[in-house]
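Chemist: Structure incoming, see below.
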Amino acid sequence: MKTNINRVDASEILKTLPPDQAFLFFEDIGKYTGKLAANLDDFHGIVKTIDMKSLIFHFRRGDYEKWIRESIRDLELARRLKRINKTSSGEELRKKILQPVIRRLDELHKMSHQKPSVHKRARRKSRPKIAPAKSRTRKDC
């Protein structure tokens, strides 16, 4: 179910948070990875590559859902993440987290009229460059 949000709400959800509200990635209690996400685009990029220990640690505790609900203030994405089976693990878990995040980022970027995020640009196929047509000179005729 998509929630009806307007352009201002979408921009608000996509904004970068102050450092004290960023999501800090840990592998375990007291084992900080050195990575943090200050917005949904950061979160997407880090979840794609973060060590599996960290991914599972936060998922099983409900940390992603809580941060997205309370700091990012995106109730819809938090709800989508909450529905992921808590027994999921490995790369399947990473995929199950990334899919709703990517879908939501696409929705929000469209609603807010912001430039597409890095994840969207990376999926586009590169187009071949076409050389400009030569201008004809008197010698060519």
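Chemist: Taking only the Cα atoms of the stretch 7-116, how large is their convex hull per residue, in Å³?
Modeler: With only Cα atoms used, the stretch 7-116 gives 93 Å³ per residue.
Chemist: Could I ask something else about it? Once the dipole of the stretch 12-78 is set up with Lys and Arg at +1 and Asp and Glu at -1 on Cβ about the Cα centre, which of Met52, Ala37, Phe23 lies farthest towards its positive end?
Modeler: Met52
All of the numbers you see were taken from the coordinates with simple rules; none came from a lab. Computed from a predicted model, the values in this text were never measured in an experiment. Because the Cβ atoms are built from the backbone with ideal geometry, glycine has one as well, and the counts that use them run over all protein chains shown.
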